[in-house]
Each structure stands twice: as C-alpha cells, then as structure tokens.
Amino acid sequence: MIPQPLTIIGGKLVLPQGAPKPGALRCEEGRIVALGDIQPEAADEVIDARGALIAPGLVDFGVFAVDKPAFHFGGITRAALMPDQGPPLDHPARVRFAAQSGKPDMWVHPLAAATRALEGTELAELALMREAGARAVSTGRGWIGDSGVMLRLMGYCAMLGLVLVTHAEDAGVSGHAVATAGEMATRLGLPSAPAAAEALAVARDIALAELTGCRLHFRQITTAAALDLVRSAKVRGVKVTAGVTPAHFMLSDLELAEFRSFCRLSPPLRSDADRKAVIMAIADGTIDVIASGHDPRGAEDKRLPFADAEPGMAGAETLLPLTLTLVRDGHIDMARAFALLAANPAGLLGVKAGQLAVGLEADLALVEPERPWIVDRSKMAATAGNTPFDRRPVEGRVTALFKGGNRVA
C-alpha cells in the first residue's frame with residue numbers, strides 16, 4: 001500500500017554532518033523528497049515532532065533472531081540476519097524466506113552462510129544465495145580455521161561483490177574458553193583464553209583480504225591489539241571495516257565477579273584497557289559500526305553455571321541509548337552516532353537507507369535523546385530479557401518509528 005504523503009515538522013534533523021538542525025522532512029511513496037526549511041502540502045499527513053530528533057531508522061548489522069517488537073522499540077527498521085539459524089542460511093530457499101520474514105514493517109537482510117552447515121569446510125552456493133536476496137556473506141558465530149578455504153571464500157566474495165562478515169577469534173587458541181585470560185578469570189576459575197586469539201584471527205584475515213581484494217567486515221573487534229591491526233590495514237588501503245556491540249565499550253570482565261551469566265558473551269568481555277581502546281577506536285574512525293548483537297535467550301540457555309551458559313544478549317532495545325552515552329561523554333557527535341548505527345551498516349548492505357537525504361527510503365525515527373528510563377529485563381519487548389544492562393539507568397528513547405513513510409511504532 002502506498003502511504004499518504006507525510007511531513008514531520010517541529011523537529012531537529014540528524015544530518016550526515018554537523019549538529020542536528022531545526023527543520024522538517026517530507027516523504028512521498030516511501031521516499032524522502034524534501035527536508036530543511038519546508039512546509040507541508042495540502043494532502044499531507046502532518047506530525048509534530050515537538051522538538052525531538054528526526055533521525056534515520058537504525059540498521060542493525062548482525063542479529064541472531066527476527067524479534068520485531070524489540071526492533072521497533074529500539075528504533076530499528078532494518079536488520080542483517082546472521083546465518084546461524086535452525087537450519088543455517090546456507091540454501092537459496094532459506095535465504096529467500098528470511099528476506100521476506102519481516103515485511104512490510106521491518107526489512108530483514110539475510111547474511112548467507114559462507115560454508116555448508118557453517119562447518120567451515122565446503123563453500124556454500126554464494127551466487128545463488130545472492131540472487132535469492134543475501135546482502136552479504138558470513139562465517140557465523142565461528143571462525144574458519146582452514147586458511148585455504150578462507151582464501152577461496154574471499155576470492156568468490158570479491159568476484160561476486162559481496163562483503164564477507166567474519167568472527168574474529170582463532171578457535172585453535174580460544175578453544176572452549178568462556179572468559180578472557182587475566183586476573184578475573186583466574187579468581188573465578190573459568191576456562192579462559194588470551195585476548196591475543198582475536199588479533200591472530202584478524203591478522204590472518206586481513207592478509208587474505210589484502211591478497212584477494214575482498215571487502216572484509218569484522219563483526220566485533222574488542223581488543224587494542226586487533227584494533228591496531230585494523231587501523232594500520234585501513235591506512236594501507238585494505239577494504240576492511242569493523243564493528244562492535246555496546247557491551248564491549250560499556251563493560252569489562254569485572255562484570256563477571258558474581259558469575260553473571262547474562263555477561264557470558266562471544267567474544268568474552270575484555271579488560272578495562274581494551275574497553276577504553278574500543279572507545280578510542282570508535283572516536284577515531286577505526287570502528288565503523290555499532291550493532292546490538294541481538295540474541296535473545298531464555299532461562300534454559302542462561303540460568304546455568306557460567307561456563308555452561310550460552311553466549312549472547314538481548315541488545316536491540318538498548319542499542320540506541322547506550323550509543324548515545326558516547327555522545328554525552330564527548331567521544332563522538334550525534335551525526336557520527338547515527339553513521340555508526342545506520343548509514344555505515346546500510347552501506348555494507350548496499351541499501352538506500354540509513355541517512356536523511358532526498359531520494360533515500362523514508363525509514364525514520366523520532367528520538368528524545370535525553371529522555372530517561374531504566375532497563376528492566378522483566379519488561380523488555382524482546383522474546384527474552386537476557387541483558388547485561390538490567391536495572392541500568394539510560395537516556396534516549398524512540399517515540400515514533402516509520403518504515404517507508406508508514407508509521408510502525
């Protein structure tokens with residue numbers, strides 16, 4: 001259904017550069033047609049933003065479940081779905097079904113499994129999955145240990161023009177670790193692995209990307225050593241980008257003190273020095289994407305001894321307010337925040353969204369950036385409330401959400 005033309009007035013436009021500016025935005029047939037100092041037309045639906053930010057809808061890069069209520073609460077209008085499903089997204093029919101799963105009020109962009117059954121040995125039918133709607137290729141939760149397989153995979157991705165999304169953790173080093181080696185893991189007696197497992201994986205994958213010309217995205221980079229490798233690769237012109245979730249710039253391994261299984265994540269929480277390095281990398285442009293890593297898990301997965309609990313957190317609802325802490329602390333400005341949350345992930349997916357610009361899709365959010373609320377896992381819209389931020393006071397709330405000019409929340 002073609003939506004009625006819409007004009008949002010009385011807000012502050014979050015543009016790709018500069019501070020938010022007072023203005024209005026108009027959209028027709030699902031696309032932005034004008035913005036700035038404009039007036040509504042006679043047939044328009046008019047919404048008064050009442051001073052709120054008029055921002056692009058978030059593009060969440062790398063979720064593990066299609067959790068529409070949580071996405072809408074968090075201001076997410078598009079999500080890149082990881083291939084780790086049951087069964088994995090390693091077949092064109094599964095990719096096609098996933099691509100339709102959120103419409104019309106939520107766009108799901110499947111990431112095709114790099115290898116059959118995500119086993120890391122035999123390449124999947126990448127070209128056929130691209131035709132079925134896959135927007136990128138992913139190794140899933142795991143790292144491909146065979147460098148020969150990875151070399152062929154990168155060569156195919158480069159030929160097909162697909163971004164390869166990888167998990168940066170050398171499995172031979174990390175093994176079955178659930179924590180980062182250090183004082184906290186030792187005190188708690190948890191199976192641990194050195195943080196260098198991440199840098200080892202990043203170094204190899206950057207070398208292969210440089211060799212093949214593949215566009216490489218590390219879904220999560222969480223250590224200073226790995227960030228230095230990404231930083232230097234960018235200087236050399238390697239086509240590499242990096243992401244992170246709020247957990248790794250908000251929390252350190254000190255959070256494990258009481259065996260809190262909601263803090264069982266992959267990669268595991270790092271030292272406070274690494275946490276600060278992540279913030280620095282967000283500020284200097286080394287990190288390109290902040291994503292929720294949304295992975296809702298119930299009591300059967302989380303209410304277990306720490307070492308037995310499954311990794312993952314429900315992050316969609318807290319993605320925006322936690323990122324806004326970086327703005328309030330002066331590390332980034334509002335334009336950079338929405339580049340990390342919307343424009344850059346949209347660019348990786350090759351979709352015309354993620355910014356306020358004429359001609360792009362009218363995926364919009366009204367945001368009150370200073371509105372306070374308290375994270376409460378018992379009241380979350382997500383299918384499970386496994387958040388490490390339970391009871392934390394935050395600021396920033398989405399008050400209205402539009403997908404293609406249609407209001408969805």
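Below are the figures for this structure:
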| quantity | calculated |
| --- | --- |
| Near pairs, Cβ below 7 angstrom, 6+ apart or cross-chain, from region 372-383 (more than 15 Å from residue 76 (Cβ to Cβ)) to any residue that is assigned to a loop (DSSP other than H, G, I, E, B) and among the β-branched types (Val, Ile, Thr) | 375/318; 375/387; 377/387 |
| Residue in region 35-52 that is within 23 Å of the chain's Cα centre (by Cα) and either modelled with pLDDT under 95 or on the phi < 0 side of the Ramachandran plot (or both) present | no |
| Residue check, residue 124 buried (at least 22 other Cβ atoms within 10 Å of the Cβ), over 18 Å from residue 243 (Cβ atoms) and either at pLDDT 95 or above or in contact with a His (Cβ under 9 Å, 6 or more places away or on another chain) (or both) | yes |
| Residue tally, condition exposed (fewer than 14 other Cβ atoms within 10 Å of the Cβ) and farther than 17 Å from residue 67 by Cα, over region 374-389 | 2 |
| Residue match in region 259-268 (condition: farther than 21 Å from residue 169 by Cα and touching a residue at least 12 places away in the same chain (Cβ under 8 Å)) | yes |
| Qualifying residues in region 278-288 (those that are outside any loop (DSSP other than H, G, I, E, B) and not charged (D, E, K, R)) - the one surrounded by the most Cβ atoms within 10 Å (Cβ to Cβ) | 278 |
| Which numbered condition residue 212 misses (of (1) crowded, with 23+ Cβ neighbours inside 10 Å; (2) touching a Gly at 6+ places or on another chain (Cβ under 6 Å)) | (1) |
| Qualifying residue in region 36-55 (condition: surrounded by 21 or more Cβ atoms within 10 Å (Cβ to Cβ) and touching a helix residue (DSSP H, G or I) at 6+ places or on another chain (Cβ under 7 Å)) | yes |
| Filter result for residue 73 (within 26 Å of residue 159 (Cα to Cα) and of a type in the set (Phe, Trp, Tyr)) | no |
| Helices (runs of 4 or more DSSP H) contained in region 289-350 and holding at least 1 residues of a type in the set (A, V, I, L, M) and touching a strand residue (DSSP E or B) at 6+ places or on another chain (Cβ under 6 Å) | 319-328, 344-349 |
| Residues located in region 371-408, provided they are part of a strand (DSSP E or B) and either more than 20 Å from the chain's Cα centre (by Cα) or of a type in the set (S, T, N, Q) (or both) | 371, 372, 373, 374, 393, 399, 400, 406, 407 |
| Checklist (1) closer than 25 Å to residue 376 by Cα; (2) at pLDDT 95 or above; (3) surrounded by fewer than 23 Cβ atoms within 10 Å (Cβ to Cβ); (4) among the hydrophobic types (A, V, I, L, M, F, W, C) applied to residue 304, failing item | (2) |
| Among residues of region 62-89, those that are surrounded by fewer than 24 Cβ atoms within 10 Å (Cβ to Cβ) and not polar (S, T, N, Q), counted | 11 |
| Close pairs from region 180-203: first among the charged types (D, E, K, R), partner part of a helix (DSSP H, G or I), Cβ under 6 Å, at least 6 apart | 198/226 |
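Let's see how each residue does on (1) within 28 Å of residue 404 (Cβ to Cβ); (2) surrounded by fewer than 24 Cβ atoms within 10 Å (Cβ to Cβ); (3) touching a strand residue (DSSP E or B) at 6+ places or on another chain (Cβ under 9 Å):
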{"site": "106", "(1), (2), (3)": "yes, yes, yes"}
{"site": "134", "(1), (2), (3)": "yes, no, yes"}
{"site": "142", "(1), (2), (3)": "no, yes, no"}
{"site": "157", "(1), (2), (3)": "no, no, yes"}
{"site": "160", "(1), (2), (3)": "yes, yes, yes"}
{"site": "171", "(1), (2), (3)": "no, yes, no"}
{"site": "175", "(1), (2), (3)": "no, yes, yes"}
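The values are calculated or read from the model by the stated rules, or taken from the named source; none is laboratory data. Computed from a predicted structure; not experimentally measured. Because the Cβ atoms are built from the backbone with ideal geometry, glycine has one as well, and the counts that use them run over all protein chains shown.
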